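Undergrad: If you scroll down you'll find the structure; I have some questions about it.
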Amino acid sequence: MNQEHRNTICVEDAEVLLHTAFADEQFILRLAAPKCAERAKPGSFVHIQCAGDIPMRRPLSIMRANAQAGWIEVLYKVMGTGLKSLTISEPGDRLSIMGPIGNGFSLDPERPRTVMIGGGVGIPPLVFLSEYIQQGGWNNAQVSPVAFLGSELPFPFELTTGTVPLAGAPVSATAALNDLEKCAVPSRLATLSGFEGCYSGYVTGLAREWLNTLTEDERAMITLYACGPEPMLDAVAKLAREFQLPSQLCLEEYMACAVGGCAGCAVQVMTETGPAMKRVCVDGPVFSGEAVYPPD
């Protein structure tokens, strides 16, 4: 394990508090994990043992952490036998977790407006980041964050009509996440599946239309934060270059140990000295967009 992560990762026998099913085998799981909840930051994740007879853990991004009440929430979609076995967990069951793991998002004080772009199961870290900022987690982030979220499956959240003002958003995009509305974060949704109130197209297209309505001075305040499937992250990096914006990308990779020992989650990133292999678990999961997707 990296020295910088020593004594920061906890192993907890976490009790299942809530387990809610949504369409297309999507689930939100709330776990009593007070040590993890106390240390969690947006972009960090937990490594969870899905069942006693499945030794390989699964990495899941933290969607919420309530340090006072001592719980965390994760969202997952069933992919493979491990997460399939996790679906049978009920309140009162106990699951072994390791966390929080990884380097999360960070504030650029010179560009304090947080603009988030999320896709599918990459949405949870951005929900965490939205609520974290609105609760005072980044004291210098004085401009309200904005979230653009996309999914081809039904969103596993309560949706509503966006009422928090977002000047410049396409008039066709009216749907928003109710949880973000409650904390005064404007959000707009995108899909290729024809869901009512959603922008018809990719979420990066939705973000581009909005960015095009801003002045140069307004764009000069923005940092892009993103999490989602690899093609979407590549598109976000290109979008950032198009508008000359910095970006932070939260990567998702398969991994075995999650503490830097196996290097099974290594990805190539560009550094000051050239290309290098970095481990998503302890060097990331958040990296600069320019580092992960350098210009051609």
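Undergrad: Give, in whole angstrom and from largest to smallest, the semi-axes √(5λ) of the equivalent ellipsoid of segment 226-270, with λ running over the eigenvalues of the Cα gyration tensor.
TA: 25, 10, 8
Undergrad: Over the Cα atoms of segment 3-101, each weighted equally, I'd like the Debye log10 I(q)/I(0) at q = 0.10, 0.11 Å⁻¹, rounded to two decimals.
TA: -0.23, -0.28
Undergrad: Calculate the translational D of segment 31-179 in whole µm² s⁻¹ from Stokes-Einstein, where the hydrodynamic radius comes from the Kirkwood formula applied to all Cα pairs, the temperature is 10 °C and the viscosity 1.306 mPa s.
TA: Approximately 95 µm²/s, per Stokes-Einstein.
Undergrad: Magnitude of the Cβ-charge dipole of segment 8-144, K/R +1 and D/E -1, about the Cα centre, nearest 20 debye?
TA: Roughly 260 debye for segment 8-144.
Undergrad: Got a sec? Charge dipole of the chain, +1 on Cβ for Lys and Arg, -1 for Asp and Glu; which of PHE45, ILE222, PHE22 is way out at the positive end?
TA: PHE45
Undergrad: Hey, can you rank 19-28, 279-288 by average C-beta count inside 10 Å, highest first?
TA: Going by the mean number of other Cβ atoms within 10 Å, highest first, we get 279-288, 19-28.
Undergrad: Can you tell me the orientation of helix 124-134 relative to the chain, as the angle in degrees between its alpha-carbon axis and the longest Cα principal axis, to the nearest 10?
TA: Around 70 degrees separate the two axes.
Undergrad: Of the candidates GLY118, GLY197, GLY228, which one comes out as most mobile in a Gaussian network treatment of the chain with C-alpha springs shorter than 10 Å?
TA: Evaluated over the chain, the most mobile residue of the options is GLY197.
Undergrad: Also: Between ARG219 and ALA184, with labels modelled 7 Å along Cα→Cβ, what's the label distance in nm to one decimal, could you check?
TA: 2.8 nm
Undergrad: Return ARG58, ARG208 ranked ascending by Cβ neighbour count within 10 Å, so the fewest neighbours appear first.
TA: Listing ARG58, ARG208 from fewest to most nearby Cβ atoms yields ARG208, ARG58.
Undergrad: Cross-link partners among aspartates and glutamates for LYS35, C-alpha distance below 16 Å, same-chain residues fewer than 8 apart left out?
TA: GLU12, ASP13, GLU15, GLU73
Undergrad: About its Cα centre, how strong a charge dipole does segment 113-249 have in debye, to the nearest 20, once Lys and Arg get +1 and Asp and Glu get -1 at the Cβ?
TA: 180 debye
Undergrad: Using the Kirkwood radius over C-alpha pairs as Rh, can you work out the diffusion coefficient of the chain via Stokes-Einstein at 25 °C, viscosity 0.890 mPa s, in µm² per second?
TA: D, rounded to a whole number, is 127 µm²/s.
Undergrad: Ok, one more. List residues of segment 213-254, by number, whose backbone nitrogen lies under 15 Å from a label position 7 Å along Cα→C-beta of LEU107.
TA: Residues 222-223 qualify, since their backbone N sits under 15 Å from the label point.
Undergrad: I would also like to ask the following. Any idea what angle helix 230-242 forms with the longest principal axis of the chain, computed on alpha-carbon atoms, 0 to 90 degrees, nearest 10?
TA: Once rounded, the angle reads 30 degrees.
Undergrad: So what's the back-of-envelope 222 nm ellipticity for the chain, counting only DSSP H runs of four-plus at -39500 (n - 2.57) apiece and dividing by all residues, rounded to 500?
TA: -5000 deg cm²/dmol
Undergrad: Which value, in debye to the nearest 20, gives the size of the charge dipole of the chain about its Cα centre, when Lys and Arg are +1 and Asp and Glu are -1 at the Cβ?
TA: Once rounded to the nearest 20, the dipole reads 360 debye.
Undergrad: Let me ask something additional. Based on the Cα atoms of segment 113-249, what semi-axes does the equivalent ellipsoid have, where each is the square root of 5 times one gyration tensor eigenvalue, given in whole Å with the largest first?
TA: Semi-axis lengths for segment 113-249 are 19, 17, 15 Å.
Computed from the coordinates by the stated procedures, all read-outs in this text should not be read as laboratory data. For clarity, every value in this text was computed on a predicted model and none was experimentally measured. Cβ sites come from the backbone with ideal geometry, for glycine too, and all protein chains shown count toward neighbours.
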